[in-house]
Every structure is written in C-alpha cells, then in structure tokens.
Amino acid sequence: MLWGSEMESIILNNHFKHKHMCLFYGSNKDLFELVVPYFREGLERNKLCIWAVPESLGLKEAQQALSEGIGGLKEYIDKGQLRLFEARSVYNRSGRFVRSEILDGWGKILEEALSLGFDGIRVSGDASFLPEEEKNELLLYEKEADAVIRESKVEALCTYPLDKTDLVEMFILSICHGSTFRNKNSKLEILTR
C-alpha cells in the first residue's frame, strides 16, 4: 500500500476538515487507503482514536494495516490512544441497533477522552452487518449523529462497503455527512463536500 500517495494528500489537505464524513469503499485496500491516514492525523493531533472494524476484517488485519502507515502504533495502543473493536460490539451491544444507546456511548467516550487529556475523539465505524430491517434506524442515527458531531469534539468517518450499499442508501447517507467519498480500485471520487 502506498501511504503518502496523491490520494492521501488530497484527503488530508482538503477534506478532513469536515467532522462527519462518509466513505463508500470497494475493497479492504480501498478502505485502508483512507482510514490509515485518517487515524494517523488524529493521533498526531492528540485525539483518542477508535475504530469499529468492519466484519470483513479481523482486528489483527486492521492492526496490521494501521502499522504499515502509522509509526509507533504499539505505543499508541499501549497508552490507550488507539482502540480497535469489532463493529458488532459497538453498534449491536444490546443485540440490536439502538441509536440512542450508541450516541450516548460516544458521549461517554468523549468525556473520558477529555478527562484523560485528549483533545477529542476521532472514530471510524462500519455497521454494514446490520440486517435490512435495521437500516432505517441506521439512517436516522447518521442524521442525529451529524447534528451532535457538529457541536462537539467528535470527528467521524463512517464507512460502507459498496457491495452492501444500494444507490438510495448512498444518496441518503451522502446528505447526512459533511463530505462523502467513494474509493474503488484506488480511484477516489469526491461525491459531496
């Protein structure tokens, strides 16, 4: 993987200024190309970083990808500044997707981060494992999360695999985020700013 690529430069210099962003990705490599620099920048800016890792990855594969683009990764993990979780454990704690529970959870993590001396939290999550009957709840969550994020020290990159997201969902999700990207076969497209 090429960290420091032209794509990474575009993202870091122009679009991470939005606090709530969305990425539709084609492959795990396409995901890593944006998630790795996103977290690296957050760690460098003293953010507590949390990745709710997609089910298509294991925690070990996610950590390996991060280690290829973030120097001193083990130290960040050891001091608790970078935390990796399986997405299901974040978004489905009570056995189903409950948006108020998840939003409250992010609020508690933000309080913890600030009390530990961090300058906020930077999260990335992928709830593509949710069954069809819970997708409307997810879309409502994204809308509510956008309002909360705008007024807080939370930054979020929500990720969705292209093969599990239909065009209507893509349209609605694009409306709920400050910037929306699609990365497929290492070809980045900016859908909204």
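The values are calculated or read from the model by the stated rules, or taken from the named source; none is laboratory data. In this text the structure is predicted, and so the values were computed from the model without any measurement. Positions of Cβ are generated from backbone atoms using ideal geometry, with glycine treated the same way; all protein chains shown enter the neighbour counts. Heads up: the accessible areas ignore ligands, DNA and RNA and are worked out on the full protein's heavy atoms, side chains in. Shrake-Rupley method; radii C 1.70, N 1.55, O 1.52, S 1.80 Å.
Solvent-accessible area per residue for the stretch 55-128 at a 1.4 Å probe radius, Å²? Working shown, then result.
On the way: 3850 Å² over 74 residues.
Counting only protein heavy atoms, the per-residue value for the stretch 55-128 is 52 Å².
Compute the convex hull volume of the Cα atoms of the stretch 99-192, divide it by the residue count, and report the result per residue in Å³ as a whole number.
112 Å³
From the helices alone, meaning DSSP H stretches of at least four residues, give me the mean residue ellipticity at 222 nm for the chain, per-run term -39500 (n - 2.57), in deg cm²/dmol to the nearest 500.
Helices in the chain give a 222 nm mean residue ellipticity of -13500 deg cm²/dmol.
Residue by residue, what Karplus-based ³J(HN,Hα) values in Hz, rounded to whole numbers, does the stretch 128-140 have, using 6.51, -1.76 and 1.60 with θ = phi - 60° and x for Gly and Pro?
5, 6, 4, x, 3, 5, 9, 5, 4, 4, 4, 5, 5
How do GLU169, GLU133, GLU86 rank by accessible surface area computed with a 1.4 Å probe, from largest to smallest? Let's see the in-between values first.
Numbers: GLU169 25, GLU133 145, GLU86 115 Å².
Descending accessible area places them as GLU133, GLU86, GLU169.
Search the structure for amide H atoms under 5 Å from the amide H of ARG83, placed 1.01 Å from N in the peptide plane, and list their residues when 5 or more places away or on another chain.
The answer is CYS49, ILE50, TRP51.
Can you list the HN-Hα couplings for the stretch 101-111, worked out from phi with the Karplus curve (6.51, -1.76, 1.60; θ = phi - 60°), rounded to whole Hz and with x for Gly and Pro?
5, 6, 4, 4, x, 5, x, 5, 5, 4, 4
At a Förster distance of 22 Å, what's the computed FRET efficiency of LYS187 paired with ASN28, Cβ-Cβ distance as r, to 0.05?
So, using R0 = 22 Å, E works out to roughly 0.90.
Starting at 0 and stepping by 10 Å, how many percent of the alpha carbon pairs of the stretch 136-190 end up in each bin?
20, 55, 23, 2
Using amide H atoms built 1.01 Å from N in the peptide plane, name the residues 5+ places from CYS22, or on other chains, whose amide H lies under 5 Å from its own.
CYS158, SER179, THR180, PHE181
How big is the antiparallel share of DSSP beta bridges in the chain, given as a percent to the nearest 5?
Just about 15 percent of them are antiparallel.
Compute the semi-axes of the equivalent ellipsoid of the stretch 80-127, taking the square root of 5 times each eigenvalue of the Cα gyration tensor, and list them largest first in whole Å. Kindly include the intermediate steps, with their values, before the conclusion.
Working: eigenvalues 86, 30, 12 Å².
Semi-axis lengths for the stretch 80-127 are 21, 12, 8 Å.
Long-range amide H contacts for SER27: which residues qualify at under 5 Å (H placed 1.01 Å from N, peptide plane, sequence gap of 5 or more or a different chain)?
ASN185
[x] 0.92; [y] 0.99; [z] 0.95: which one is Rg/Rh (Cα atoms, Kirkwood Rh) as calculated from this entry?
[x]
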